[in-house]
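Worksheet: the structure to be examined is printed underneath.
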Amino acid sequence: MRDREMGPQQPILSRRRFLSLTAASAGAVGIAALGTPSQAEASASATLRVGWNSPPDVMNPFTFTSTASNEILWLIYDTLMTYDLELKPVPSLAASEDVNADGTVFTYHLRPEATWHDGKPVTAADVKFTYDMTAYHNLGQAAWAVAEYDSSRVINDHTVEIKYKSPQAFDPALAIAIVPQHIWGSMSLTKIEGYANPHPIGSGPFTFNTWVSGQYVQVDRYAKWWGPRPAADSIIWIQYDNSDVMVQALTSGQVDILTEVPPILFDGLTRDSGVKTVEMESFSFHHIGFNVSSNPKSGGNPLLKDVEVRRALQYSLNREQLVALCLAGRGSPGSVLLPPSFGAWQEKIPLDQQFNANPEMAKSILDAAGYKMGPNGVRQDKQGRPLSFRLIAIETTDVDVEAGQVFVKAANAIGVKLTFNTLDATTLSNTVYNAAAPNWDIFIWGWDSNVPDPDYLMGIDLTDQIANNNDVYYSNPTYDRLWVEQSTTINAAKRQEIVHEMQKMYYDGAAYCIMWYQSKLQAYNTSTWTGWTPTRGGMIYNFTRYNYLRVTPL
Amino acid sequence: MSARYLLRKTATLALTLYLTVSANFLLFHVLPGSPVQLLARSGHYTAGARAQLVKLFGLNHPLVTQYVIYLNNMIHGNLGFSYVYRVPVTTVMGSAIGNTVLLVGTATLLTIVIGVWFGVVSATRANSMPDASITVISLGLWSMPDFFTGMILIFIAGVWTHVLPVSGIETPGLVADTWGRVLDVARHLVLPALTLVLVNAAEFSLITRNSMVDALTEDYVLTARAKGLSRRAIVWHHALRNALLPITTATALYVGMILGGAIQVETVFSWPGMGLLIYSSVEQRDYPALEGCFLLFAMAVILTNFVSDIVYQMLDARVRRN
């Protein structure tokens, strides 16, 4: 209908005009109201806001698995001992600790002024209860630390004695959050395992306020905490599902610190004057794992069981190049199981003795081992079986996918064919950890140390960890024996010797090719809070809570 | 519309729901990936602790037993227990549904109103400059992916200028009265809703335009003009009503689909709704939460289509007669 209708003359203010004018002005007012920043945008001066992109799963200290839950719970609950900013064990809920000569009996003297958030006093019975529950019922994260637990004894209200079956080089008190018996004591095991703990009651410096699922968690300062008063009135962890938006929030002052900054965005942030970026050593690595399972049902390529093949593949890779290409330089080249953040505990293998960056050496090793070049540039063994392996990595871990592509090229250059496929995290995990019949050859993955103590990382590939943590099915009785020895050697110097020997042994076995030790990248806004102290492993979101307790508002 | 027809339709509805629910269950249980495995790897569990988890989640029962338990629970309103959050699935979904309905409801309303209006404007000025511009702009907006449009809006409204919040549903730690909180949520709602409207109103405008152009060529329109009815009466009261049928179908499909969560928009704006919940549940193999979400999604699609069938009956006498 293109021609216009000739209707009656419109009056100056017809009903229609009036209605549309009203609508327009209402719209304008509405937009103006929405456009004005609300009062609360300018946050209370002593609220610390942390931005992250991984949500907590549950606030139950016995069943949580996410690092985010750990971060929050370690402020609501106390451990008997804790890590300071140098990652040295210092007393926490326990005012002091006595250990007997052979390290089997730990006596803790609790602080008499410590109370639970509901006002009741913390007593030795709570400690005994927590340890019993964790050890006897294999509950959650800390269970591995008390594998050698014997029993606890309440000596008086503020003294508790904990006995172990063997000497403990690592003090399990660093890993166990103490919970109130008067709340958990009446619950059955099944109830505890399924309990969401919606209002956690701990003895720590902050009390639980609220958790709006998918958005934020808030804790408030506990006025009666036994330690020095933290400056923060509350701490809020805000969840962002979009890294770009999260970084924007930091630069615009909507959050004060980020737990993890993606490497791609880190460099851009470094140039921002209102933000301080911090690169720290982490306690993690990424590695290439070779299936060395001796299980007859294993579907892994048997040629990988030849240590010469594994060493040759390691020689084909240049770790420095991997760090530069995949991490944009934010990390250090990998070698042994313990990252450099472990300090003197790390075994230092001289560069010229490392299985690294020497394709010519790789080729001569393979030649000497009888793998002659076959058709299509792929070597074969004496029976004509080609050195052709399947490589898998997690598709969403970009750094691993890039490393995989580099590895395929490097292997090709020495005559080994790698067929690279990416999988989602769960499928990869299930493929690798199919202990009954592991059907894979090589993967790319990583590990984070649960504690800044060698016990954890050195204990991944023990024989008795097959069907649990051992992802390459490595089995070496000497290595197993040495692990037990180091975990029960109290003398630090002697223990270090054993740990060094273990690292060298594992390195020579070449079941892992550790590519790099990635840096921990964090950033904070310089105009809101001050006092952030760079710490090995991260200022926050790692082993120590001291940065939360020490920072002050500007 | 006879009672028998309604009864038949309802029976079909029930059967479809049952089949969907069963397929839903089967699908998630034949997928490779045990949730306990994933938890154990990241949670540093001992072997004993993992065995306990398997028992807790009922994963040690054969599949058929799990299926029967699942059906039985569902009839009693128990959608199971989330593996990750350790709370009933209904709790986990509860807040997510509310947030999604708020976002999607607002967006749908605006989409239909704006889309249809532009479509009518475009159709009544068919083949002219306004029509061409509306059509081209609609095509452009409709072909842009949700997340892209969203990121542009974030840049304009949250980075370049700072007029609106670009993340979440409310300001964390906000202390305000009810009206203050309503306003806060409204401010957070603007950008995600605008993203959805921009993309989908375009689609509606194109559908409406095509449908209206057809309707306007009908004989009864010529008759109405001859009778002397005003242009607005012809367009809005006669032609549009007849052009509504394809729009109804599009609306039903749209509403059904979008209840599954506008996942791209929710991710870009960190809006904690169903889409985000589904995504994180897939990642973590949280079977019960996934089953609950997909049940809701399936029910929404099936129900809206059922309703749209009935509405069609009422709108179009020709369908009714058949």
B:G275 meets each of (1) of a type in the set (G, A, S); (2) farther than 30 Å from B:S95 by Cα; (3) within 12 Å of another protein chain (Cβ to nearest Cβ) with one exception, condition (2)
Sole exception among (1) of a type in the set (A, V, I, L, M); (2) under 17 Å from A:M246 (Cα atoms); (3) in contact (Cβ under 8 Å) with a residue 12 or more places away in the chain for B:L139, by number: (2)
Residue in region A:434-460 that is farthest from the other protein chains (Cβ to nearest Cβ), counting only those that are acidic (D, E) and in a loop (DSSP other than H, G, I, E, B): A:D441
Does A:Y506 satisfy the condition of being away from chain B (no Cβ under 14 Å), touching a residue at least 60 places away in the same chain (Cβ under 8 Å), among the aromatic types (F, W, Y) and in a helix (DSSP H, G or I)? yes
The condition of being under 30 Å from A:G531 (Cβ atoms) and surrounded by fewer than 19 Cβ atoms within 10 Å (Cβ to Cβ) holds, among A:D352, A:D272, A:D256, A:D306, only for A:D272
Taking the criterion of being buried (at least 18 other Cβ atoms within 10 Å of the Cβ) and more than 14 Å from chain B (Cβ to nearest Cβ), would at least one residue in region A:55-69 satisfy it? no
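For (1) at pLDDT below 70; (2) farther than 30 Å from A:A68 by Cβ; (3) touching a Cys at 6+ places or on another chain (Cβ under 9 Å), each residue gets a yes or a no:
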site: B:A3; (1), (2), (3): no, yes, no
site: B:K9; (1), (2), (3): no, yes, no
site: B:T12; (1), (2), (3): no, yes, no
site: B:S22; (1), (2), (3): no, yes, no
site: B:R41; (1), (2), (3): yes, no, no
site: B:T46; (1), (2), (3): yes, no, no
site: B:N60; (1), (2), (3): no, no, no
site: B:V87; (1), (2), (3): no, no, no
Listed by first then second residue, the pairs whose first member lies in region A:364-390 and is farther than 23 Å from A:W440 by Cβ and in contact (Cβ under 8 Å) with a residue 12 or more places away in the chain, whose partner is among the polar types (S, T, N, Q) and in a helix (DSSP H, G or I), with beta carbons under 9 Å and at least 6 positions apart or on separate chains, are A:G377/A:N412
Any idea how many residues of region B:82-115 are of a type in the set (V, I, T) and within 24 Å of B:I247 (Cβ to Cβ)? 9
For the condition exposed (fewer than 14 other Cβ atoms within 10 Å of the Cβ), at the interface with chain A (Cβ under 10 Å from one of its Cβ atoms) and not small (G, A, S), what is the one hit in B:V175, B:V182? B:V175
Of residues in region A:246-263 being out of contact with any Phe, Trp or Tyr (no Cβ under 8 Å at 6 or more places or on another chain) and within 14 Å of another protein chain (Cβ to nearest Cβ), the one modelled with the highest pLDDT: A:V255
For region B:68-106 the number of residues that are within 14 Å of chain A (Cβ to nearest Cβ) and either touching a residue at least 24 places away in the same chain (Cβ under 8 Å) or closer than 30 Å to A:F62 by Cα (or both) is 24
In region A:509-548, which residue that is among the polar types (S, T, N, Q), touching a strand residue (DSSP E or B) at 6+ places or on another chain (Cβ under 8 Å) and assigned to a loop (DSSP other than H, G, I, E, B) is farthest from A:G329 (Cα to Cα)? A:T528
Do the conditions hold for A:F285, that is, is it surrounded by 19 or more Cβ atoms within 10 Å (Cβ to Cβ), part of a strand (DSSP E or B) and more than 11 Å from chain B (Cβ to nearest Cβ)? yes
If only one of A:T396, A:T426, A:T431 is in a loop (DSSP other than H, G, I, E, B) and either facing chain B (nearest Cβ under 10 Å) or within 30 Å of A:T488 (Cβ to Cβ) (or both), which one is it? A:T396
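To keep it simple, each residue is scored yes or no on (1) hydroxyl-bearing (S, T, Y); (2) over 25 Å from B:S133 (Cβ atoms); (3) not in a helix (DSSP H, G or I).
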{"residue": "B:G180", "(1), (2), (3)": "no, yes, no"}
{"residue": "B:A186", "(1), (2), (3)": "no, yes, no"}
{"residue": "B:T195", "(1), (2), (3)": "yes, no, no"}
{"residue": "B:V199", "(1), (2), (3)": "no, no, no"}
{"residue": "B:E203", "(1), (2), (3)": "no, no, no"}
{"residue": "B:S211", "(1), (2), (3)": "yes, no, no"}
{"residue": "B:V235", "(1), (2), (3)": "no, no, no"}
{"residue": "B:P246", "(1), (2), (3)": "no, no, no"}
Hits in region A:122-137 (condition: under 15 Å from A:V160 (Cα atoms) and surrounded by fewer than 18 Cβ atoms within 10 Å (Cβ to Cβ)): A:A125, A:D132
From the options A:G227, A:G214, residue that is of a type outside the set (A, V, I, L, M) and surrounded by fewer than 17 Cβ atoms within 10 Å (Cβ to Cβ): A:G227
Which one of A:A232, A:A145 is outside any strand (DSSP E or B) and either in contact with a Leu (Cβ under 6 Å, 6 or more places away or on another chain) or surrounded by fewer than 16 Cβ atoms within 10 Å (Cβ to Cβ) (or both)? A:A232
Quick one: what pairs do we get from region B:221-246, first residue within 13 Å of chain A (Cβ to nearest Cβ) and within 17 Å of B:Y312 (Cα to Cα), second charged (D, E, K, R) and surrounded by fewer than 17 Cβ atoms within 10 Å (Cβ to Cβ), C-beta under 8 Å, 6+ apart or different chains? B:A239/B:E218
Consider region A:114-142. How many of its residues are more than 14 Å from chain B (Cβ to nearest Cβ) and outside any helix (DSSP H, G or I)? 10
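The values are calculated or read from the model by the stated rules, or taken from the named source; none is laboratory data. No experiment lies behind these values; they were computed from the predicted model shown. Methodologically, a virtual Cβ is constructed for each residue, glycine included, from the backbone with ideal geometry; neighbour enumeration extends over all protein chains shown.
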